[in-house]
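Enquirer: Here you go, one structure.
The values are calculated or read from the model by the stated rules, or taken from the named source; none is laboratory data. Since we're looking at a predicted model, the values are computed, not measured. All Cβ positions, glycine included, derive from the backbone under ideal geometry; neighbour counts span all protein chains shown.
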Amino acid sequence: MSSGVKEVLPPPLDSSSEPPAIFDGTTKLYISYTCPYAQRVWITRNYKGLEDKIKLIPIDLQNRPAWYKEKVYPPNKVPSLEHNNEVKGESLDLLKYLEDNFEGPSLLPDDPAKREFAEELLSYTNSFNRAVVSSFKADSISEAGATFDYIENALGKFGDGPFFLGTFSLVDIAYAPFIERYQPFLLDAKKYNITEGRPQLATWIQELNKIEAYEVTKRDPRSS
């Protein structure tokens, strides 16, 4: 897990920045400090204790450098991972890639039932995000409420810990950056408390905030 030594975060690179050395044998994780998709992979890197093995390269998404699309990752999105002379993208794929190809604490259990449920929950993340975001402009919060009910029920499935699979896993990492943003927004804009009547979700958020590998990635840590 995270070493406990606070990492000095580099400043984001923008259109005026020179590119880092590309395909020089250094494993690099291109992120934005404010992107929830990139935050997923950043948390995983930290939890597995890979701060010295995977270098963070933050990108300014509002003023992104042309070389990122031209030389690093043509889709021009974050996150992306440069490893073994290849660049891979898509946050959920990268979570599994780090789990399968790097050392550190396992973030998927051996239990077949839990692994199957993990796949179900990872597949649900896009539906979850669509439902919640659509409620931002809707008159009713019912669609978002139903998705948070799904999360509440999922958290109670195994009953052997505060996290989705009992112990902290890739599933928690997949949802954490988004719930982190939805909770205050819905409370402020819709006066909707996502934890009301959902004790499992309330406990999950409390326990999540105790995990240093996640805590150091919350929102834009460089601006606080």
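Enquirer: Mind listing just one residue for me: the one in the range 186-201 that is loosely packed, with under 15 Cβ neighbours inside 10 Å and not charged (D, E, K, R) and, of those, nearest to GLU152 (Cα to Cα)?
Expert: That would be PRO199.
Enquirer: Got a sec? Which of GLY145, GLY89 is over 15 Å from LEU170 (Cα atoms) and in the same structural domain as ILE22 (by TED's automatic domain parsing)?
Expert: Within the list GLY145, GLY89, the selection yields GLY89.
Enquirer: Something else about it: Regarding PHE117, is this residue surrounded by 18 or more Cβ atoms within 10 Å (Cβ to Cβ), closer than 29 Å to LYS53 by Cα, of a type in the set (A, V, I, L, M, F, W, C) and in contact (Cβ under 8 Å) with a residue 40 or more places away in the chain?
Expert: no
Enquirer: Examine the range 36-59 for a residue that is free of Cβ contacts under 8 Å to residues at least 40 places away in the same chain and under 20 Å from ARG219 (Cα atoms), and state whether such a residue exists.
Expert: Yes: one or more hits.
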